[in-house]
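Report on the structure given below.
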Amino acid sequence: MSFARKLRISAVLLALVAGAVACGSDDDGGGSSAKLASCKQVCEKSATASCALMIPIDTCKQLCDAHSQASSACQDALKAVSDCQLTSSDVCTAAGCDAQESAYQQACSK
């Protein structure tokens, strides 16, 4: 895996924090925990895969939880990118998830 790709994955994780802070609260009646479950599964899968430049699993899950106050659109986009990462053959590179990552960045930067 190239250094640029590793750096990009770390940047996506850091964008999770920025997205959660930038998005306003949009109460969806308790559905956010279900939407955030995929994100936490990515944290666990990444930890077992020993991805380079990976943040600690607890920190990763806290970044997921930070999205509980994000808009529903932001949470939906996070779930989409997380679901894509979970189906990727290599969770460390998340190959094939570029469209979902772009949609996440757009939905959560508002």
Taking 0.36 nm per residue of separation between Ala49 and Gln62 and subtracting their Cα-Cα distance, the length gained on full extension comes to 2.8 nm
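So for the stretch 71-110, considering every pair of alpha-carbon atoms, how many percent are separated by more than 15 Å? Working shown, then result.
Numbers: 266 of 780 pairs.
The proportion of pairs with Cα distances above 15 Å equals 34 percent.
Here, each number is a calculation from the coordinates, and none is a lab measurement. A quick note: this is a predicted structure, and the numbers were derived from the prediction, not measured.
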